[in-house]
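Student: Before anything else, here's the structure in question.
The values are calculated or read from the model by the stated rules, or taken from the named source; none is laboratory data. Small disclaimer: the values here were computed from a predicted structure and weren't measured. Note: ideal-geometry Cβ built from the backbone for every residue, glycine included; neighbour counts use all protein chains shown. All accessible areas refer to the heavy atoms of the entire protein, side chains included, with ligands and DNA or RNA removed. Shrake-Rupley method; radii C 1.70, N 1.55, O 1.52, S 1.80 Å.
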Amino acid sequence: IQVRSIRDRKSPVIPTTALTRNVANALVERAERQTGSRMAAYEMVAQTVGTSSSWLRKFITGQEAKEPGWTTGWNILDQYSRICDRVEAEIETERAKFLALKEKIDAANTIVNRVAESATRAESSSTTTEDAD
């Protein structure tokens, strides 16, 4: 039997307090852009992750707040992950719309270019015919 130390075992990455704090701050900043109020943003994010706005504010600013419990910490990270997924999906939807419109524009440009080339050829052949007379 081979004995492995705890360090040899593969374990999930445990988020650090600094990472959780940065993510919580990003959530609050995003909410602040939506609400126009920092305090409303703290309240909104706190409700979403299951904590109080006063604890969240203290945690983000580094004031005497205890580290988040597993549930709160994971809720913060999960909420951010969900927002990222939603933003990425919105970007893909917009990208698909833009590409569809670009294809239509390219098709219209192709038709216009053919008409313009035909007109140019017709004009140059009529000029050549007139010069021969």
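Student: Could you list, in sequence order, the residues of segment 86-119 that are among the acidic types (Asp, Glu) and modelled with pLDDT under 95?
Tutor: Residues satisfying the conditions are GLU103, ASP106, GLU117.
Student: So, PHE98, is that one in contact (Cβ under 8 Å) with a residue 12 or more places away in the chain and of a type in the set (A, V, I, L, M, F, W, C) or not?
Tutor: No: the conditions fail for PHE98.
Student: While we're here: Among GLU103, GLU43, GLU90, GLU94, which is surrounded by 14 or more Cβ atoms within 10 Å (Cβ to Cβ), farther than 14 Å from THR20 by Cα and charged (D, E, K, R)?
Tutor: GLU43
Student: Taking PRO68 and the conditions (1) part of a helix (DSSP H, G or I); (2) touching a residue at least 24 places away in the same chain (Cβ under 8 Å); (3) not charged (D, E, K, R), which numbered condition does it fall short on, given that it satisfies the others?
Tutor: Every condition holds for PRO68 apart from (1).
Student: Looking only at residues in segment 60-90 that are within 15 Å of the chain's Cα centre (by Cα) and hydrophobic (A, V, I, L, M, F, W, C), which one is farthest from ALA31 (Cα to Cα)?
Tutor: Among those that are within 15 Å of the chain's Cα centre (by Cα) and hydrophobic (A, V, I, L, M, F, W, C), it is ALA89.
Student: For the structure I just gave you, tell me whether ILE76 is more than 14 Å from THR17 (Cβ to Cβ) and either loosely packed, with under 11 Cβ neighbours inside 10 Å or at pLDDT 90 or above (or both).
Tutor: no
Student: Kindly indicate the residue of segment 30-40 that is charged (D, E, K, R) and farther than 16 Å from THR20 by Cα and also most open to solvent (accessible area, probe 1.4 Å) among those meeting that condition.
Tutor: Selected residue: ARG33.
Student: Just to be sure before I move on: is ALA65 modelled with pLDDT under 80, open to solvent by less than 90 Å² (accessible area, probe 1.4 Å) and small (Gly, Ala, Ser) in the structure I sent?
Tutor: Yes: the conditions hold for ALA65.
Student: Name the residues in segment 51-62 that are in contact (Cβ under 8 Å) with a residue 24 or more places away in the chain and loosely packed, with under 13 Cβ neighbours inside 10 Å, would you?
Tutor: Of everything in segment 51-62, just one residue is in contact (Cβ under 8 Å) with a residue 24 or more places away in the chain and loosely packed, with under 13 Cβ neighbours inside 10 Å, namely GLY62.
Student: Six or more apart or on different chains, Cβ atoms under 7 Å: show the pairs whose first residue is in segment 37-48 and modelled with pLDDT of 95 or more and whose second is in a loop (DSSP other than H, G, I, E, B).
Tutor: From segment 37-48, the pairs are ALA46/SER52.
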